[in-house]
Amino acid sequence: MIPSRIHLAPMEGLMDAPLRTLVTAVGGYDLCTSEFVRVTPQRLPDRVFHRFGPELSHASATPSGTPFRIQLLGSDPEFMALNALTAVRLGSPSIDLNFGCPAKTVNKSQGGSILLKQTALIHRITRTVRDALPAHIALTVKMRLGYDDPSVCVDNALAFEDAGASELVVHARTKTDAYRPPAHWHYLRDIREALAIPVVANGEVWTREDWQRCYESSGCEQLMIGRGAVARPDLAMQLKDPDFTPWSWTDYLDALMRYWELLSDMLARHECNDAYRIIRIKQWLNQSQRGFDQGPSLFNAVKRLRAADEVYATISAAQRLTR
Ligand SMILES: Cc1cc2nc3c(=O)[nH]c(=O)nc-3n(C[C@H](O)[C@H](O)[C@H](O)COP(=O)(O)O)c2cc1C
């Protein structure tokens, strides 16, 4: 079964605009989403949205043409609505709401997965944002199965649908499951059978075989890929095109160097500092350990380096070895 649509997952601290540029250029992705924009009780300035989504200035698409939209995280219905309107004014063609974030700091301030314990509140947030948005702007939701109890998943999903969400991505784990395998894809079948809107499967798909098992268990035709897209930037193409030749380590290193260049461009434009460039490169290399046999040795060689020129030299040397 080939997924009908593949979404590139939002990943705060990992899937920034340069990485979205690279991963969507490989192909296979139908949609991508910003890292979450945290909504506090204020009207966020336009520059915040542009920082999270430089794509907004380019018809809300990555350079290869994959549509991009903004994700919001927060619990105040009115301020969520106000900031959703700003994102739309700046060009986001739809809005996604995050009800899955497990981070302690976020949950402490009533954001993310903690809200899955309050079905009435998530309904009110979603309904308020829906009512504020123009009718042609889709509102979608991303949720986990629950905070600590997956049995609430169908009731919460029904609340999102009733409040006007037009699509639901479900990360098939609770907050307390964190990122521990397995993902409990079978709950997605219950949700899908209860809802009329499309349900997108998410969680623990790293290979073609994982997708087959996810599909058989959930019945979902759409898939969102998170860490698998970072470990294997060609995963969506592998799933969509049976004749696609999977990437070699050389292909990955070329992309990693390109990422370095894109981050260096950001640095030159004063949009990030050197620490950001080094951290993001290490994050991507860290994930590559899961996708390529050579990943662990390069990650180990780079992980303690502090200076940009050392990081660059180490990656360049690895690249030369493959030529
Ligand atoms: C580093 C990291 C950051 C994440 N940030 C976000 C985020 O900003 N918004 C969101 O909805 N989910 C976020 N997630 C969750 C992912 O979108 C996805 O639901 C999760 O990783 C499960 O999918 P996977 O097993 O394919 O990675 C994040 C996950 C990771 C690993």
(message) Go through the range 9-28 and report how many residues are part of a loop (DSSP other than H, G, I, E, B) and more than 12 Å from the chain's Cα centre (by Cα).
(response) 2
(request) Name the single residue, out of those in the range 183-196 being within 14 Å of the ligand (Cβ to nearest atom) and among the aliphatic types (A, V, I, L, M), that is farthest from Ile225 (Cα to Cα). (result) Leu188
(message) Which residue is farthest from Ile197 (Cα to Cα), if the candidates are limited to the range 220-266 and must be among the small types (Gly, Ala, Ser) and surrounded by fewer than 18 Cβ atoms within 10 Å (Cβ to Cβ)?
(response) Ser264
(request) Would you check which residues across the range 163-182 are farther than 15 Å from Gly226 by Cα and among the hydrophobic types (A, V, I, L, M, F, W, C) and list them? (result) Ala163, Ala165, Leu168
(request) Out of the residues in the range 23-42 that are buried (at least 20 other Cβ atoms within 10 Å of the Cβ) and hydroxyl-bearing (Ser, Thr, Tyr), state the one that is farthest from the ligand (Cβ to nearest atom). (result) Thr24
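If only one of Gly74, Gly112, Gly91, Gly65 is of a type outside the set (Val, Ile, Thr), modelled with pLDDT under 95 and either closer than 30 Å to Asp234 by Cα or crowded, with 23+ Cβ neighbours inside 10 Å (or both), which one is it?
On the way: Gly74 fails: modelled with pLDDT under 95; Gly91 fails: modelled with pLDDT under 95; Gly65 fails: modelled with pLDDT under 95.
Selected residue: Gly112, the only one of Gly74, Gly112, Gly91, Gly65 that is of a type outside the set (Val, Ile, Thr), modelled with pLDDT under 95 and either closer than 30 Å to Asp234 by Cα or crowded, with 23+ Cβ neighbours inside 10 Å (or both).
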(message) Given the criterion among the aromatic types (Phe, Trp, Tyr), within 16 Å of the ligand (Cβ to nearest atom) and touching an Asp or Glu at 6+ places or on another chain (Cβ under 8 Å), identify the matching residue among Phe52, Phe99.
(response) Phe52
(message) I need a count of the residues in the range 3-22 that are more than 16 Å from the ligand (Cβ to nearest atom) and touching a strand residue (DSSP E or B) at 6+ places or on another chain (Cβ under 7 Å).
(response) 1
(message) Looking only at residues that are among the polar types (S, T, N, Q) and in a loop (DSSP other than H, G, I, E, B) in the range 160-182, which one is nearest to the ligand (Cβ to nearest atom)?
(response) Thr176
(message) For the range 217-235, give me each residue that is within 12 Å of the ligand (Cβ to nearest atom), outside any strand (DSSP E or B) and under 14 Å from the mean Cα position of the chain (by Cα).
(response) Gly226, Arg227, Gly228, Ala229, Val230, Ala231
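The values are calculated or read from the model by the stated rules, or taken from the named source; none is laboratory data. Because the structure is a prediction, the values reported are computed rather than measured. All Cβ positions, even for glycine, are placed from backbone atoms using ideal geometry, and neighbour counts span all protein chains on display.
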